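Have a look at the structure below, then the notes.
The values are calculated or read from the model by the stated rules, or taken from the named source; none is laboratory data. Bear in mind the structure is a predicted one, so any value in this text is a computation, not a measurement. When we count neighbours, we look across all protein chains shown, and the Cβ atoms used for this are built from the backbone with ideal geometry, even at glycine. Accessible surface is based on the protein model in full, side chains and every heavy atom, while ligands, DNA and RNA are left aside. Shrake-Rupley method; radii C 1.70, N 1.55, O 1.52, S 1.80 Å.
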Amino acid sequence: MSECKTVDFFLGGNTPEGFCSYFDQFDQPKEGMNRYLIKGGPGTGKSRMMKKVLLAAQEQDIPGILERIHCSSDANSLDAVIWKAKGFALFDATAPHVIEPKYPGAYDRIVNITQAFDNQKLAAALTPIVALFKRISALHERCRVFLSAANMLYLQNQYVLSGYLQEEKLKRSSERFAKRLLYGCKGDTYHEELRMLSNVTDQGMVTYDQTVSTLADKIVCVKDSFGLVSTAYLSAVQNQAKKQRLSVILCMSPFHNGKIDHIIFPNERVAVVTADSFMKFPHCPQMQCIRISRYLPPKALHTVKTAVRHRTLMIKALIEDASKSVQQAKILHDKLEGYYTPAVDFEKVNELTQWVIQEMLKK
């Protein structure tokens with residue numbers, strides 16, 4: 001059985017407030033860790049480099065978690081590889097998640113693919129390159145508008161149902177649940193890392209549910225399409241984790257900045273996830289479920305069913321429109337690559353890739 005567990009996350013994505021990035025968590029150095037920052041352009045081999053580095057890491061089969069960080073604009077492409085067992089992190093440091101070295105050499109290392117560019121070829125194509133970048137940016141803004149509209153409808157559903165919610169019962173139940181879930185678990189200090197498990201991508205709504213089943217044996221699912229019950233449960237679990245000084249992975253919402261959708265305890269192999277119309281967990285059949293209906297009067301959902309269902313269908317349509325915008329942006333991005341790829345010396349890129357792999361393995 002493999003000791004190295006490869007898991008999938010996002011570190012950023014489109015939200016109602018625009019692109020949300022969690023890359024800045026790695027700005028502050030940690031002992032024994034180095035950050036490698038790739039500078040390049042579209043179609044110049046950044047993701048290909050990361051996939052080769054990831055494969056080299058997997059072949060070592062060292063115990064621990066190896067993170068494969070996906071790009072929300074192109075879910076088949078990578079934005080980062082994080083391997084804490086080796087103190088190694090490799091990032092695509094270009095827009096929209098630009099990263100500049102804070103401690104060059106001491107912590108940050110630049111992987112400069114631009115040195116393999118034929119700048120004269122690219123300069124000759126400046127006008128169409130600029131035009132494509134602008135059109136791609138406009139499509140991502142369109143995505144943000146659709147998600148913002150979906151969020152407003154979501155909040156309206158939440159507002160309507162909150163008037164029926166049995167809040168005291170929910171508060172007591174969620175606190176009892178958190179204590180039972182983490183009973184006997186103790187750590188040295190509370191530590192949190194932020195990731196995204198779900199995102200609106202060029203392939204629609206993507207949720208890496210297999211990450212949860214890889215990192216947890218005990219999984220509790222809060223089935224809540226309105227965020228009323230799941231917010232209370234996840235808040236109670238996070239508070240209990242702080243009291244017991246545990247390490248957690250907080251998986252943030254792609255729709256509501258600052259909202260936690262899922263919490264994973266990799267050391268305790270426990271997870272609490274939220275399932276709704278868009279985030280599903282087919283690879284986690286062992287889940288215990290908590291349903292929102294437990295905290296609503298029997299007739300509450302029936303009373304507002306028609307209006308809530310109508311808004312939910314509208315939310316679904318808006319999220320599909322947001323995804324189509326990302327798909328269209330991906331098509332234009334592929335055209336942009338058509339200008340960059342012929343202007344790159346990939347032998348030099350391969351040499352850089354081998355240097356990165358050697359740097360990683362010698363640590």
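Quick look at the values:
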quantity	calculated
Among VAL326, HIS191, PRO297 the positive-end extreme of the charge dipole of the chain (Cβ point charges)	PRO297
Solvent-accessible area, 1.4 Å probe, carbon plus sulfur percent, for region 159-207	48
Trypsin sites (Lys or Arg not before Pro) lying in DSSP loop within region 1-79, provided at most 15 other Cβ fall within 10 Å	LYS30
Contact order relative to length of region 145-241, as percent, for alpha carbon pairs under 8 angstrom and 6 or more apart	43
List PHE265, PHE19, ordered by accessible area with a 1.4 Å probe, largest first	PHE19, PHE265
Heavy-atom accessible area ranking, 1.4 Å probe, most first, across MET33, MET152	MET152, MET33
Peptides 287-295, 122-130 ordered by average Cβ neighbours within 10 Å, highest first	287-295, 122-130
Karplus (6.51, -1.76, 1.60) ³J(HN,Hα), θ = phi - 60°, over region 191-203, in Hz, Gly and Pro reported as x	9, 10, 10, 9, 9, 10, 8, 10, 6, 7, 10, 5, 9
Estimated [θ] at 222 nm from DSSP helical runs (n ≥ 4, -39500 (n - 2.57)) normalised by residues in the chain, nearest 500	-14500 deg cm²/dmol
Sites excluded, GluC sites (Glu not before Pro) in DSSP loops with at most 12 other C-beta within 10 Å, longest stretch of the chain	32-363
Cα gyration tensor category, rounded, prolate or oblate, for the chain with a/c compared to 1.5	oblate
The chain: angle of helix 300-340 to the longest principal axis, Cα-based, in degrees nearest 10	0
Candidate lysines - alpha carbon under 18 Å from LYS324, same-chain residues fewer than 8 apart omitted	LYS134, LYS316, LYS335
Centre separation in Å (Cα based) which lies between region 79-123 and region 259-287	32
Accessible area (Å², per residue) of the chain, counting only protein heavy atoms and a probe of 1.4 Å	47
Computed magnitude of the charge dipole of the chain (debye, nearest 20; Cβ of K, R +1, Cβ of D, E -1)	1240
Size of charge dipole - region 223-310 - debye, nearest 20, with Cβ of Lys, Arg +1 and Asp, Glu -1, no other charges	220
Distance from region 132-198 to region 342-363 (C-alpha centre basis), Å	39
Solvent exposure ordering (accessible area, 1.4 Å, most first) of ASP321, ASP92, ASP217	ASP217, ASP321, ASP92
